[in-house]
Amino acid sequence: MKIAVVGATGLVGTKMLQVLEERNFPITELLLVASEKSVGKEITFKGKAYKVISVEDAIKQKPDIAIFSAGGSTSLAQAPLFAAAGTTVIDNSSAWRMDPTKKLVVPEVNANVLTPEDKIIANPNCSTIQMVVALKPLHDRYKIKRVVVSTYQSVTGTGVKAVDQLMNERAGIDGPMAYPYKIDLNVLPHIDVFTENGYTKEEMKMVKETNKIMGDDSIRVTATTVRIPVMGGHSESVNIEFENDFDLAEVRDILSKAPGVVVTDDVANLKYPMPLDAHDKDEVFVGRIRRDESQPNTLNCWIVSDNLRKGAATNAVQIAEYLVANHLVGQPVEA
Ligand SMILES: NC(=O)c1ccc[n+]([C@@H]2O[C@H](COP(=O)([O-])OP(=O)(O)OC[C@H]3O[C@@H](n4cnc5c(N)ncnc54)[C@H](OP(=O)(O)O)[C@@H]3O)[C@@H](O)[C@H]2O)c1
């Protein structure tokens, strides 16, 4: 496979290269792409130095797959040009996620929707990905009616500039701000821009993307998304109301057998998921599994995952692996 990584110098792009290398993805040719300011810069992959090229140069080389993590406006402008050249684009931005003609995919949940005609495939929002990986097996067994989620999100979700802001604040250096306020020793109940209904765009992404990935608009979701001064991954407090009653031991059993999920739930020994432990791991960790005693058929749990891994790079590479394994890439484009 001839692979292009667009946004190769960014936080997600760097993680993407690490994941492609670790999983030994079958790459015959690698194109590393970033903005004009990075063209010519060298990046090492599997011990070999590669020069960063421009988007235009990459399109001319007609890669089989282009994995984008270069922001929404770059995706909107450039993904269709790659697609027209026959490349299958897997896009990490929010640009295509709610487009009804584009698939929004978390392989453990809905990879089966993919076809060779899908030339632009959307990778969901990081906080949604980790939640649906845990929700899907429970929905299949007990049917989810409603989800109430509050997130505790890592600064790595905002990119290089936000990590620099946190590190600068810790070192007492005045630098550029990724957030409207100080993030160290603080909590911001604000991720992405505010929308007319008083929610943020991140919160509405969790609502709409969950319905689309699960293929079930009857699941009601409400979210509060919060940025905290943490690096290893996103954490979520999730309250799930089911149609049917459940047995807690069976819930733990279902989750422990679910693909991509690790149950870390042993409070007697103070074992529960934390971003420090999830950092640089591919799995979604679920713990604090307990009954909501305030109403029937309702469960509380705590879900943690590395937003740069399963929330972005790993999920995109898993989509690419599925495309290759199922011969869905490298097909000729229709005129
Ligand atoms: N961080 C996360 O947890 C996360 C999770 C899921 C999705 N995402 C999405 O992934 C994307 C990247 O996020 P990030 O955190 O990696 O951001 P980042 O660290 O700021 O990196 C942005 C990357 O995009 C490149 N880029 C910017 N403008 C470009 C252009 N016009 N043409 C080509 N490349 C361009 C940058 O290249 P230069 O270095 O040359 O500027 C850099 O490689 C965003 O859309 C974000 O929403 C992020």
Problem set entry | The listed residue being under 24 Å from the mean Cα position of the chain (by Cα) and of a type outside the set (Gly, Ala, Ser), out of Glu22, Glu36, Glu29 | Glu22
Exercise. Of the conditions (1) within 11 Å of the ligand (Cβ to nearest atom); (2) open to solvent by 30 Å² or more (accessible area, probe 1.4 Å), Glu117 fails just one. Which one is it?
Worked result: (1)
Exercise. Only one of Asp280, Asp266 is within 16 Å of the ligand (Cβ to nearest atom) and either modelled with pLDDT of 95 or more or at positive phi (or both); which?
Worked result: Asp280
For this session: Please determine, by comparing only the residues of the stretch 26-58 that are within 14 Å of the ligand (Cβ to nearest atom) and open to solvent by 90 Å² or more (accessible area, probe 1.4 Å), which one is farthest from Leu308 (Cα to Cα).
Result: Glu56
Exercise. Which residue, of Asn239, Asn168, is in contact (Cβ under 8 Å) with a residue 12 or more places away in the chain and either part of a strand (DSSP E or B) or farther than 30 Å from Met98 by Cβ (or both)?
Worked result: Asn239
Seminar exercise, completed: Apart from one, (1) farther than 20 Å from Val207 by Cβ; (2) within 16 Å of the ligand (Cβ to nearest atom); (3) out of contact with any Lys or Arg (no Cβ under 9 Å at 6 or more places or on another chain); (4) among the hydrophobic types (A, V, I, L, M, F, W, C) all hold for Val132; the odd one out is (1)
Exercise. Assuming Thr101 fulfils every condition listed in (1) part of a helix (DSSP H, G or I); (2) of a type in the set (Val, Ile, Thr); (3) more than 14 Å from the ligand (Cβ to nearest atom) apart from one, which condition is it?
Worked result: (1)
Exercise. Which residue out of Gln61, Gln18 is over 25 Å from Gly311 (Cβ atoms) and surrounded by 13 or more Cβ atoms within 10 Å (Cβ to Cβ)?
Worked result: Gln61
For this session: Please specify each residue of the stretch 149-168 satisfying the condition of being of a type in the set (S, T, N, Q) and within 9 Å of the ligand (Cβ to nearest atom).
Result: Gln153, Ser154, Thr156, Thr158
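The values are calculated or read from the model by the stated rules, or taken from the named source; none is laboratory data. Since we're looking at a predicted model, the values are computed, not measured. Using ideal geometry, Cβ is built from the backbone for each residue, glycine included, and neighbour counts are taken over all protein chains shown. These area figures cover heavy atoms from the full protein model, side chains too; ligands, DNA and RNA do not enter into them. Shrake-Rupley method; radii C 1.70, N 1.55, O 1.52, S 1.80 Å.
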